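Participant: To start, I am sharing the structure in question, which I have written as structure tokens.
Here, each number is a calculation from the coordinates, and none is a lab measurement. These numbers were taken from a predicted model, which means no experiment stands behind them. No Cβ is skipped: glycine too gets one built from the backbone with ideal geometry, and neighbour counts run over all protein chains shown.
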Amino acid sequence: MTKFSDTAPILVTCPRDMPEHLHGELTALGFAQAIPLDAGVEVRGTLNDCMRLNLWVRTGHRVLFELKRFRAFDADELYREAKRIPWEEYIPADGYFRVDASVRDTTVNDARFAGLRVKDAVADRFTERTGARPDSGPDTHGVCLFLHWRENRATLYLDTTGEPLPRRGYRKRPHKAPMQETLAAACILASNWPELARRGGHFIAPMCGSGTLAIEAALMAMNGAPGLLRDNFAFMRVIGFEPEAWDEMLGAAEDSEIPEIKGRIIATDHDPEAIEAARDNARLAGVGDFIEFSVCDFTRTEVPEGPGVVMLNPEYGMRLGDMAELKTVYRGIGDFFKQHCGGKTGFIFTGNMDLAKCVGLRTKRRRVFWNAKIECRLLEYELYEGTRKGGTD
């Protein structure tokens with residue numbers, strides 16, 4: 001019986017402050033018992049389910065299939081417990097494997113050393129049973145393992161993803177400081193865009209840069225699986241992987257795509273090079289026909305009649321010399337919202353709340369997201385037709 005049909009806990013990791021959106025995704029994919037955690041969501045399933053999650057999850061980073069939970073008080077006990085796992089049932093003897101580790105509050109403070117002890121356990125088990133051992137190293141082209149060790153509690157997983165899920169494969173031209181794909185997807189999900197798209201709403205992305213927000217919005221609108229562009233996942237190297245089953249999943253995902261979307265997706269930037277990069281990225285993502293790109297200042301972006309989302313990701317002004325100019329930009333965003341975006345829902349993603357005050361509009365909601373190590377906010381503005389009295393932030 002193939003290991004791909006065995007059931008175990010599956011941990012889908014994500015950045016902090018994203019589990020809410022990841023939980024919604026997993027529930028929609030049919031995982032009824034999804035449990036939100038600090039930096040991920042846990043479900044139960046098979047390695048075949050891990051394949052499907054790698055294909056469809058938009059806000060997760062890795063899909064980890066649990067092999068064993070155990071107590072380990074030191075590195076020697078970690079080694080002994082890891083050596084008891086039947087690695088020969090997962091890793092080909094002539095294959096390759098990689099070990100990553102996350103450790104905290106343990107007797108071993110070096111994650112690299114903890115990973116090395118797991119690597120030794122795998123190699124020694126193979127050597128004792130077969131007289132040979134698979135190669136190992138830092139590359140992700142083989143079987144990937146992950147150790148999570150906190151105090152005396154350790155868990156070993158198969159990392160079925162390998163290269164993290166944000167690396168969709170379409171962003172060959174990132175341009176300047178692009179927003180990570182999973183972060184863009186979380187912001188869009190927070191805007192309720194998928195529901196609006198089904199009703200013919202519009203998505204407008206001024207300041208689009210390399211196009212990540214518009215591309216992720218288009219993928220959602222057309223029900224495009226974000227993993228379709230990738231041809232390498234770590235589960236493909238695990239013993240028991242059936243390429244036919246994966247091909248069937250890919251075919252089903254392609255068949256589920258919506259050939260036309262009801263509303264318009266508009267992306268603009270004042271930089272011609274950014275628009276050129278965004279067009280190339282959209283084409284690689286398979287959504288080039290769904291997005292209308294143009295070069296213009298954000299204030300001149302076309303905003304069609306009807307309901308829609310307007311989402312901007314302006315600079316944060318991390319250098320002191322930028323602040324005066326950016327205050328003018330943020331004031332301009334507020335004016336753009338008031339003068340051109342009535343009836344829409346406006347969003348600004350920023351890591352600088354002092355600049356956000358220059359927008360001059362009251363926020364309806366603020367959501368915390370982390371962009372790398374920068375604590376940011378997705379600010380939501382309800383933009384009424386005409387004028388409406390009220391205070392400002």
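Participant: Below 8 Å, C-alpha to C-alpha, sequence gap of six or more: please give me the relative contact order for the range 3-159 in percent.
Facilitator: So the answer I get is 24 percent.
Participant: Name the residues whose placed amide hydrogens come within less than 5 Å of the amide hydrogen of ARG153, ignoring near sequence neighbours (fewer than 5 apart) on the same chain.
Facilitator: ALA72
Participant: Tell me the mean residue ellipticity at 222 nm calculated for the chain from its helices only (DSSP H runs of n ≥ 4, each -39500 (n - 2.57), averaged over every residue, nearest 500).
Facilitator: Helices in the chain give a 222 nm mean residue ellipticity of -9500 deg cm²/dmol.
Participant: Considering the Cα trace of the range 3-159, what is its radius of gyration and what is Dmax, both in angstroms?
Facilitator: Answer for the range 3-159, Rg first and Dmax second: 15.8, 48 Å.
Participant: Quick one: what do you get for the chain if you divide its Cα Rg by 2.2 N^0.38 Å?
Facilitator: Ratio of Cα Rg to 2.2 N^0.38 Å: 1.09.
Participant: Let me ask something additional. So how long is each side of the range 220-356 along the principal axes, counting just the alpha-carbon atoms, biggest first, in Å?
Facilitator: 59, 37, 26
Participant: Among DSSP beta bridges lying fully in the chain, give the percent that are antiparallel, nearest 5.
Facilitator: Rounded to the nearest five, the antiparallel share is 60 percent.
Participant: In a GNM of the chain with a 10 Å cut-off on Cα contacts, which of ILE258, ILE275, ILE348 has the highest mean-square fluctuation?
Facilitator: Looking only at ILE258, ILE275, ILE348, the biggest GNM fluctuation is shown by ILE258.
Participant: I would also like to ask the following. Within straight cross-link reach of LYS338, meaning Cα distance under 13 Å, which aspartates and glutamates are found once same-chain residues fewer than 8 apart are removed?
Facilitator: GLU382, GLU385
Participant: If r is the Cβ-Cβ distance from THR299 to ALA252 and R0 is 51 Å, what FRET efficiency results, to the nearest 0.05?
Facilitator: Using R0 = 51 Å, I get an efficiency of 0.70.
Participant: Tell me, what is the percent relative contact order of the chain, built from C-alpha pairs under 8 Å that lie six or more residues apart?
Facilitator: 14 percent
Participant: While we're here: Gap in Å between the Cα centre of the range 260-324 and the Cα centre of the range 12-50?
Facilitator: When both Cα centres are located, 30 Å separates them.
Participant: Could you point to the residue in ASN232, MET249, ALA274 farthest towards the positive end of the range 161-290's charge dipole, with +1 and -1 charges on the Cβ of Lys/Arg and Asp/Glu respectively?
Facilitator: Among ASN232, MET249, ALA274, the one farthest towards the positive end of the dipole of the range 161-290 is ALA274.
Participant: From the alpha carbon gyration tensor of the range 87-157, can you work out the equivalent ellipsoid semi-axes (sqrt of 5 times each eigenvalue) and give them in Å, largest to smallest?
Facilitator: Taking √(5λ) for each Cα gyration eigenvalue gives 23, 12, 10 Å.
Participant: Which residues' amide hydrogens lie under 5 Å from the amide hydrogen of PHE203, considering only partners 5 or more residues apart or on another chain, with H built in the peptide plane?
Facilitator: ARG264, ILE265, ILE266, VAL309
Participant: Convert each backbone phi in the range 302-311 into a coupling constant with the Karplus relation 6.51 cos²θ - 1.76 cosθ + 1.60 (shift: θ = phi - 60°), then list the ³J(HN,Hα) values in order as whole Hz, x for Gly and Pro.
Facilitator: 5, 10, x, 5, x, x, x, 10, 10, 10
Participant: If you don't mind, there's one more thing I want to ask. Can you list residues from other chains, or at least 5 along the same chain, whose modelled amide H is less than 5 Å from the amide H of ASN371?
Facilitator: Result for ASN371 returns CYS376.
Participant: I'd like the projected area of the range 194-259, averaged over all directions, using the convex hull of its alpha carbons. Report it in nm² with one decimal.
Facilitator: 5.9 nm²
Participant: Gaussian network model of the chain, Cα springs within a sub-10 Å range: biggest mean-square fluctuation belongs to which of ALA267, ALA356, ALA324?
Facilitator: Among ALA267, ALA356, ALA324, the largest GNM mean-square fluctuation belongs to ALA324.
Participant: Could you give the nm distance between label points at LYS327 and GLN339, where each point is 7 Å from its Cα heading toward the beta carbon?
Facilitator: Placing both labels 7 Å along Cα→Cβ, they lie 2.0 nm apart.
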